[in-house]
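Take a look at the structure set out below.
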Amino acid sequence: MVAWWIKILTRLIMFAGMILSLILVSPALATPSIDKVQALQAHNSARAKDKQRPLQWSKDLEKISQQWANQLARSCKLYHHKGDIPFGENLFSYSLPTTVGHAISAWTDEKKDYNYSQNRCKSGKQCGHYTQVVWKGTTDVGCAKQSCSNGSQIFVCSYFPAGNIVGARPF
């Protein structure tokens, strides 16, 4: 007779533990996943328009991107790695939930502000995100995202080898 009470009590304790663990897990500590297929397709679609070879997905670059996205989400501010790093990096933040495709689209939309013959951006415009996406020597990409405490999302994509070499053309 006591055995069935022990089973019920054990199940109740296990259920309470699961509920408590769900309550205690902070959304900022969770690691949201991105759609890797969408990320790779968006990159490779932009590269194909400029007749560049497709990129491969790198789990190592994905890990680097996730660690950096986690770091940036602590302050909800975007800033690039400091110092001499062996990879390129694109950052994107959006105040509402969105997709990695949206981030990559924002970067590739900079193409309209890039002047290939002069190898520079239009005055007052950015185009370095676009040139990194389509950089001829880049072969690998890995991306990640993290949510900030204010609900915004940060996306990081890392590229190897790095692009945007001063004085060189992207392709």
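The values are calculated or read from the model by the stated rules, or taken from the named source; none is laboratory data. Being a predicted model, the structure only gives us computed values, none of them experimental. FYI the Cβ positions are ideal-geometry reconstructions off the backbone, even for glycines, and counts take in every protein chain you see. Side chains included, ligands, DNA and RNA excluded: accessible areas come from the protein's heavy atoms. Shrake-Rupley method; radii C 1.70, N 1.55, O 1.52, S 1.80 Å.
The table below lists the values:
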| quantity | calculated |
| --- | --- |
| Segment 41-84-segment 94-171 distance, computed between alpha-carbon centres (Å) | 8 Å |
| Volume per residue of the C-alpha convex hull in segment 30-171, rounded to whole Å³ | 109 Å³ |
| Carbon + sulfur, % of accessible area of segment 27-126 - ligands and nucleic acids excluded, 1.4 Å | 52 percent |
| Per residue, in Å², the accessible surface of segment 46-136 once ligands and nucleic acids are set aside, probe 1.4 Å | 60 Å² |
| Rounded FRET efficiency, nearest 0.05, which uses the C-beta distance separating V166 from K63 and R0 of 25 Å | 0.35 |
| Estimated distance in nm for a label pair at K122 and D109, the labels positioned 7 Å out from Cα along Cα-to-Cβ | 1.3 nm |
| Distance (nanometres) between label positions extended 7 Å along Cα→Cβ at S95 and S33 | 3.1 nm |
| Principal axes of segment 43-118: Cα extent on each, largest first, Å | 39, 28, 25 |
| Flagged links, alpha-carbon separation over 18 Å, of K49/K136; K111/K136; K82/K112; K59/K82; K36/K63; K77/K145 | K82/K112; K59/K82 |
